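Quick notes on the structure that follows.
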Amino acid sequence: MGSELWNEVDQYFARKLLMDDELERVLGANREAGLPEIDVSPLQGKFLTLMAQMKGAKRVLEIGTLGGYSTICLAKGVGVDGRVTTLEVDQAHALIAEGNIRRAGFLEQVEVLVGSALDTLPKLKEAGHVFDLVFIDADKENNPRYLEWALALTTSGSVIVADNVVRNGEVVDAASTDERVIGIREYMDLAQRDPRIDSTAIQTVGSKGYDGLVISVVK
Ligand code: SAM
C-alpha cells in the first residue's frame, strides 16, 4: 500500500463527494500564478467547510491564506452572515487570494489581512475579536505561538484546527533539527499540558501524502 493507492482513493472519494467547479477554478488560478501546491486537498477543504457548519461557526480565523483555497472552503461553511479573517505575510499570495475570493463571490464575507501573523494577531485581540473556529496553516515553526494566540482569541466551545502535524511521520523524531517539526512538537507539548483545551489528532493520507490534523476544543 502506498501513495499511488492513497491518491486513487482520494480521487474516488472526490468524484463521489465533491462537485465544486468554483473551487477547481481556484486551484487552476493558483497553478497559473505559480503558487506552490501546498493548499489543503479538496477533500480536506470540504472537511473545513463541514467543520464550520457543524460548529455553526460565524467568525473564523485562518492563519496562512496562500491563494485562498481553504479560505473559500471556510467561507462556504460560515454562510452569508459569517465572516472569515485570513492572515497572510506574502503580499503576492494575498493578491492572488483576493482575486480568487472575489471571483468565487465571497468578497463580503472574507477579509485578507497582509502582514506577519504574529504582528496581526495582537491587533485582532485589541480590536476585541473572538473566533468560533481557528485554522492554523502557516509557518509551522510558529505553531506554538499561534496556539497561544488562538486561545487568546477564542472562547469556550471554540474549535482550533492545526494542519500538517504529521509531516510524513517526522513528528515522532525527537532529534529532528527541522524548525517546522520542532514547532509542531512544541504545539503537541502545549496541547498535552494546557488545561484550556481538549484535543485529538487525525493522521491523513491522500493526494497530499502522509500528514494530519490536530483538532482542539476550548473548554
Ligand atoms: N491555508 C492555505 C490553503 O490550504 O489553501 C495554505 C496556506 S500555505 C500552507 C501557508 C501560507 O502561510 C503561505 O501562503 C505563506 O506565505 C503564509 N505564511 C508563512 N509565514 C507566515 C506568517 N508569519 N504570517 C502569515 N502568513 C504566513
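The values are calculated or read from the model by the stated rules, or taken from the named source; none is laboratory data. Note that the structure is a prediction, hence the values are computed from the model and not measured. Here the Cβ is made from the backbone with ideal geometry for all residues, glycine too, and neighbour counts use every protein chain on show.
Listed values, structure above:
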| item | result |
| --- | --- |
| Odd one out for residue 147 among (1) closer than 23 Å to residue 67 by Cα; (2) assigned to a strand (DSSP E or B) | (2) |
| Some residue of segment 157-167 being surrounded by fewer than 18 Cβ atoms within 10 Å (Cβ to Cβ) and within 16 Å of the ligand (Cβ to nearest atom) | no |
| Test: residue in segment 60-67 that is charged (D, E, K, R), surrounded by 24 or more Cβ atoms within 10 Å (Cβ to Cβ) and within 28 Å of residue 210 (Cα to Cα) | yes |
| Flag if residue 110 is modelled with pLDDT of 95 or more, within 23 Å of residue 130 (Cβ to Cβ) and more than 9 Å from the ligand (Cβ to nearest atom) | yes |
| Some residue of segment 73-89 being surrounded by fewer than 17 Cβ atoms within 10 Å (Cβ to Cβ), farther than 23 Å from residue 203 by Cα and among the hydrophobic types (A, V, I, L, M, F, W, C) | yes |
| Residue list for segment 6-39, filter: assigned to a loop (DSSP other than H, G, I, E, B) and of a type in the set (Gly, Ala, Ser) | 33, 34 |
| Filter result for residue 165 (in contact (Cβ under 8 Å) with a residue 24 or more places away in the chain and part of a strand (DSSP E or B)) | no |
| Criterion (farther than 19 Å from residue 40 by Cβ, out of contact with any Ser or Thr (no Cβ under 8 Å at 6 or more places or on another chain) and not charged (D, E, K, R)) met by exactly one of 75, 152 | 152 |
| Contacts under 6 angstrom Cβ, first residue in segment 29-42 being at pLDDT 95 or above and among the β-branched types (Val, Ile, Thr), partner buried (at least 20 other Cβ atoms within 10 Å of the Cβ) and assigned to a loop (DSSP other than H, G, I, E, B), 6 or more apart | none |
| Residue match in segment 136-154 (condition: buried (at least 20 other Cβ atoms within 10 Å of the Cβ), under 23 Å from residue 115 (Cβ atoms) and more than 16 Å from the ligand (Cβ to nearest atom)) | yes |
| Enumeration of residues in segment 62-91 that are of a type outside the set (Val, Ile, Thr) and either part of a helix (DSSP H, G or I) or more than 12 Å from the ligand (Cβ to nearest atom) (or both) | 69, 70, 73, 74, 75, 76, 77, 79, 81, 82, 83, 91 |
| Qualifying residue in segment 94-107 (condition: buried (at least 24 other Cβ atoms within 10 Å of the Cβ), near the ligand (Cβ under 8 Å from one of its atoms) and at negative phi) | no |
| Filtered residues of segment 113-148 (kept if touching a residue at least 60 places away in the same chain (Cβ under 8 Å), out of contact with any Phe, Trp or Tyr (no Cβ under 6 Å at 6 or more places or on another chain) and within 28 Å of residue 176 (Cβ to Cβ)) | 134, 135, 137, 138, 139, 146 |
